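The structure under discussion appears below in the form of structure tokens.
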Amino acid sequence: MVFRDLFSEEHLRLRVLYGLMVAMFIVLLSTLWRMQVIGGSTYQTDLVRQSVRRVRLPGMRGRIFDRAGRCLADNRPSYCIAIYLEELRKPGAWSRTIERVDALIERMSAILEIPRQVTAEDIRIHTRRRLPLAFLAWRDVDEIAIARLAENMMGEPGVDIYIEAVRAYPFGRSACHLLGYVGRAEQRSVDDEPYHYYLPEMGGKAGLEKLFDGVLRGEPGGRLVRVDVSGFRYEDLAERVPNNGLDLQLALDLEIQEIAERAIGDHPGAAVVVDPQNGDLLAMVSSPGFDLNDFAPAISAARWNELLQDESRPLMNRVTAGGYPPGSTFKPVVALAALENDKATPQTSFNCPGYFMLGRLRMGCWYARGHGVLNMEQSLEHSCNVYYFRLGLQCGFEPIYHQAAALGFGKKTDITVDYEIPGLLPSDGWKRRTMNDGWRDGDTCNISIGQGALLATPIQMAMYAAALANSGHLYRPRVVKAITDEQGKTVRSFPPQIANELKWSATTIRTVREGMRDVVMAPRGTGRLAGVPGVNMAGKTGTAEVGRKEDGRKLAWMIAFAPYDNPKYAVVVMVEDGVSGGTTAAPIVKDIFSSLLASDKKAGDG
Amino acid sequence: MNWNHVRAILARMDWIMIFAVVALLVIGVMFIYSAGYRGEDAPVASFYERQMLWALVGGFFFISTAFMDYRRLRDAAWWLYFVAMLLLVLVLLVGKEMYGARRWLTLFGLQVQPSEFAKLAALVVVARFLGRPGRQLDDPVKIFQVLSIVGVPFLLIVKEPDLGTAAMLIPVAFMMMFAAGVPLKHMLILAGIGLLLMPFGWFLLGNYQKERVLVFLNPNRDPLGAGWNKIQSGIAVGSGGFSGKGYLKGTQNVLGFLPRTVAPTDFIYSVIAEETGFVGSAILLFLYALLLWSCVRAALVARDRFGRLLAVGVGSLLFCHAFVNMAMTIGLLPITGLPLPLISYGGSFMVAIMIGLGIVQSVYVRRYHE
């Protein structure tokens, strides 16, 4: 009896024991359910985060062509020596692998006779940030080093030649300000960086390279790589092929650009050539310039500082970023304002005794002996200041202001460059705001000869000259004609754009144009030195005082267009620290036109 | 032993147990293969081949033990115990040191872990001690006697050090005492005292053990060091989802996030859970539950108390290893280096547990006749 009882209790205990075991298994089962079924996606995310990496592959950058299809910004292959760190992995701490790679680079440096470009620290950064990618120990090495590598080190594990695309500017300094340059694109901050392995990519830093960066850069591709615990590439999961960037077709004519560059030389100044029939920017020179190839693949710190500290400011694009008093080149504006508002006629004449008395203030003409009696055409030919003091006062400031504004003064031309200033067209309101003083007759006199607070950029002057040439269409300068794809198919085109239509009467514009023709064509015209034999052309010189009066610094200007009857080119030349428009700028204009027309003739003959 | 005798024994065997054992062994080899898989082009680590050999050796011991009458162990119990203790002492003196611990003895060219066999020997002695008819189990002194029997191997194994393996002796002893009928009151008091003493045990732990406990409490404490295995095992198990990624498709061990040294051994369950998901993990639990039921059934039908307690002891040993290993894999318990019975790569524990199951089979075959 006792025996049986004991047995049954033992049976019960065995069943309880088994029950407990099963209960504990159920605890395991419910935890598994929680982890695998309910929380599975969280762990899945953790898994992807630690083992899947995205690698960014840049697209080939688009090129830039001039209007004749000459390539101004190209890509060239650059030979790099790559080291695949994965193949040189040493067991144990990474520092051992880094030491090994460092020693290899040291040895290669001796064999290839090229100095080291990377430090051990660079290697360490690479192992941490983009291990599956090739580590570029040397970038852009010459053929000799590549030949030595092929001869001596082929078969060396982990070493390979890697070809990288580098920006190249076949014409070096030409149109440097317009084209701009590229630099290593900034890496976005760590937080929004969707790529674990970032391939440094070129981004536009200035000029069209910067402005059209999104177009030129194209669409980067990417690759999903599964890596193992040490960061080694295990397999590629997916790849999206990068798309190459699109090309830019410019209105610029390289031949004209080079003509203008040669004409202006190294002297600080600017020159612009536009097509007055559509606003095409044919040439744009800001002098001095710089060599774009200094920036590819990367500019040295020394050269960069040199450019930054150069007092002639080679990095500044004077054409769009420089505001200068236009001087006498502004006089046609005053003439147009007076004629259009019936304040004067082509016959309106004033006597120039060599000076003008504004109240008790004596204001001199540049020709101290006096021009005598001049009508409007003659006033332009001789650029008489006294005539314009009196015409300005007779006309009043208001019409001059409106005419100048209609011709684009004081407003950006919206040229597609990365930086443009609007210049300054002063007004009564502006003077009250900045000088706490109202507009006076003296201000009217000053602006009538293009002085005072008035500031214009060379590109504004070019478009103004073009409007005079085509008798009233103020164009927006056209830099880019079209965006094309690799096959040359137009993706987007940019038709000429008119910024303003000036409804001048036929008499008005004829008077001004004829006056401007006399500037060049008449034997005593101020711009006669610009004349090219056998060519009927027109222009206006200007000499503006800048800085303090005591320094006596002068800007030499000339605007011009030709041929007179059906203008093909409008030109502006500005030279800093010149003698006068007629002596400094006019010969440059002549250089430009003679070359332009000679090459046109040649093209015509051919 | 004639052929009829063999037939009679085979007929009386527990085939459910044999089914469960074979199933677990096959799963073990399969996933040790998977844990050694490195992608299509790379050679598979050869652990699985040796595991197959261990399974065959284990099978031989299982059958041999099943045919042997377990009652002969009663007389041999103390001898086995002394030999086992001697080997444990020997390990401490001339054992091979690996990973900072002396756990292996080289016997006849084989690496043997005597601690695995010592656990078996200890439970045979406990079964004999508690199984003697007429013992007054409500005498508290008996409990201390049982604890002394397991205390000697416990201390020797702790000295190696291999706290995880040593610690298994305690719950096994308790389960056997419970099954034998030791009054619950005594056991609860003892367990209470044990719990109260636990905080002092903290000071006996080695630094790496303390670290494991701290990491268990807060895995992000040292995610690249001590917390690494726990986190990676969690990711492997969790990312398996409901139905798993498929055989050989798990990435955690292929990519090495689950360290290659532990993937086929202590963390094999994590490989299984990643590749077979909740379904596979649950099937594995079911197979263990089936195997445990075989042990309990053998205990229920055993012809004497010694046999019953042997079956309970082996079942408890199996349960404790399986539970602690799986609970560790899924993050319910701190990391301990305990193998998953019949599945984890390794020879000593495989042979020991197969001998144990052979004993249970022997008990079942010689069960009480109605």
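The values are calculated or read from the model by the stated rules, or taken from the named source; none is laboratory data. Quick caveat: nothing in here was measured; it's all calculated off a predicted structure. As a convention, Cβ positions derive from the backbone with ideal geometry for all residues, glycine included, and neighbour counts pool all protein chains shown. The accessibility values were calculated without ligands, DNA or RNA, using every heavy atom of the protein model including side chains. Shrake-Rupley method; radii C 1.70, N 1.55, O 1.52, S 1.80 Å.
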Filter on A:LYS411/A:LYS602; A:LYS331/A:LYS590; A:LYS411/A:LYS481; A:LYS331/A:LYS549 - keep pairs with C-alpha separation over 27 Å: A:LYS411/A:LYS602
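Please work out the ratio of the alpha-carbon Rg of the range B:28-96 to 2.2 N^0.38 Å and round it to two decimals. Working shown, then result.
Numbers: Rg = 18.5 Å, N = 69, 2.2 N^0.38 = 11.0 Å.
Ratio of Rg to 2.2 N^0.38 Å for the range B:28-96: 1.69.
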Scattering profile of the range B:64-107 at q = 0.26, 0.29 Å⁻¹ [log10 I(q)/I(0), Debye over alpha-carbon scatterers]: -0.84, -0.93
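Using Cα pairs under 8 angstrom and six or more residues apart, how large is the relative contact order of chain B, in percent? Intermediate results must be reported in sequence, preceding the final value.
Numbers: 551 pairs, mean separation 102.1, N = 370.
Taking the mean separation of contacting Cα pairs over the length of chain B, I get 28 percent.
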Descending semi-axes in Å of the range A:448-594, equivalent ellipsoid built from Cα gyration tensor: 29, 20, 16
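How many Å² of accessible area per residue for chain B, probe 1.4 Å?
Numbers: 15640 Å² over 370 residues.
Spelled out: the 1.4 Å probe surface of chain B, per residue, equals 42 Å².
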Between the range A:481-552 and the range B:82-114, the Cα center-to-center distance that results, in Å: 102 Å
Exposure of A:ARG440 as accessible area (Å², to 10), given a probe of 1.4 Å and all protein chains: 140 Å²
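Can you pull the mean other chain C-beta count within 10 Å for peptide B:233-245?
Details: counts 0, 5, 10, 2, 7, 15, 12, 8, 8, 5, 2, 1, 2.
For this peptide, the per-residue mean of nearby foreign Cβ atoms is 6.
Between B:LYS210 and B:VAL44, what is the FRET efficiency for a Förster distance of 25 Å, r being their Cβ-Cβ separation, to the nearest 0.05?
Details: r = 37 Å, r/R0 = 1.48.
Working from the Cβ atoms, E equals 0.10.
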Zone residues, the range B:317-359, relative to B:LEU137, backbone N less than 18 Å from point 7 Å out along Cα-to-Cβ: B:317
The range B:309-370, accessible surface, carbon-and-sulfur percent (1.4 angstrom probe): 61 percent
Cα gyration tensor of the range B:151-244 - equivalent ellipsoid semi-axes, whole Å, descending: 31, 19, 14
With all protein chains modelled, accessible area of A:TYR367 [1.4 Å, Å²]: 70 Å²
Using alpha-carbon coordinates, inclination of helix B:305-329 to the longest axis of chain B, degrees: 10 degrees
Exposure rank, largest accessible area first [A:LYS568, B:LYS210, A:LYS431, A:LYS489; 1.4 Å]: A:LYS489, A:LYS568, B:LYS210, A:LYS431
Fraction of accessible area attributable to carbon and sulfur, chain A (%, probe 1.4 Å): 51 percent
Full-stretch length increase - A:LYS489, A:ASP74 - with 0.36 nm per residue and alpha-carbon distance subtracted: 147.6 nm
For the range A:1-153: relative contact order, % (alpha-carbon pairs under 8 angstrom, 6 or more apart): 21 percent
The range A:287-311 and the range A:216-278: distance between their alpha carbon centers, rounded to Å: 19 Å
Rounded to 10°, Cα long-axis angle of helix B:268-301 versus longest principal axis of chain B: 0 degrees
Max mean-square fluctuation residue, GNM over chain B, Cα-Cα springs under 10 Å, options B:PHE154, B:PHE200, B:PHE216: B:PHE200
Kirkwood-type radius of the protein assembly as shown, with distances r between different C-alpha atoms, in Å: 36.5 Å
A:ARG129/A:ALA598 FRET efficiency (R0 45 Å; Cβ-Cβ; nearest 0.05): 0.20
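Over chain A, what is the relative contact order in whole percent, taking alpha-carbon pairs under 8 Å and six or more residues apart?
On the way: 1268 pairs, mean separation 80.6, N = 606.
Reported as a whole number, the value is 13 percent.
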Where labels lie 7 Å past Cα in the beta-carbon direction, separation of B:ASP304 and B:LEU110 in nm: 2.9 nm
Net dipole in debye of the protein assembly as shown [+1 Lys, Arg Cβ; -1 Asp, Glu Cβ; about Cα centre; nearest 20]: 3120 debye
Descending principal axes extents, the range B:248-370, alpha-carbon based, whole Å: 56, 28, 25
Tally of Lys pairs whose C-alpha atoms are under 25 Å apart, taken over chain B, 8 or more apart or cross-chain: 11
Cα pair count fraction exceeding 24 Å, expressed as % - the range A:24-127: 61 percent
Degrees, to the nearest 10: B:15-35 long Cα axis against longest axis of chain B: 30 degrees
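Given R₀ = 56 Å, what would the calculated FRET efficiency be for A:SER109 paired with B:TRP78, taking r from the Cβ atoms and rounding to 0.05? If you can, show how the numbers build up before the last one.
Details: r = 75 Å, r/R0 = 1.34.
That gives a FRET efficiency of 0.15.
Quickly rank A:405-414, A:329-338, B:77-86 as a protection proxy: mean count of other C-beta atoms within 10 Å, highest first. Working shown, then result.
On the way: A:405-414: 20.4, A:329-338: 26.6, B:77-86: 16.8.
So the peptides A:405-414, A:329-338, B:77-86, ranked by packing, come out A:329-338, A:405-414, B:77-86.
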Rg/Rh ratio calculated on Cα atoms of the range A:243-398 (Kirkwood radius): 1.15
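Does the range A:240-327 come out rounded, prolate or oblate by the C-alpha gyration tensor, with a ≥ b ≥ c the root eigenvalues, rounded set by a/c under 1.5 and, if not, prolate when a/b is larger than b/c and oblate if not?
The shape class here is oblate.
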Calculated Rg and Dmax of chain B using C-alpha coordinates, Å: 20.7, 66
Sorted peptide list for A:542-554, B:49-61, criterion being average Cβ within 10 angstrom, highest first: B:49-61, A:542-554
Cα centroid separation - the range A:107-184 against the range B:15-47, whole Å: 49 Å
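Find the sum over both chains of the accessible area lost when A and B are paired, probe 1.4 Å, and report it in Å² to the nearest 100.
4000 Å²
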In Å², nearest 10: area of B:LEU290 left accessible to a 1.4 Å probe: 40 Å²
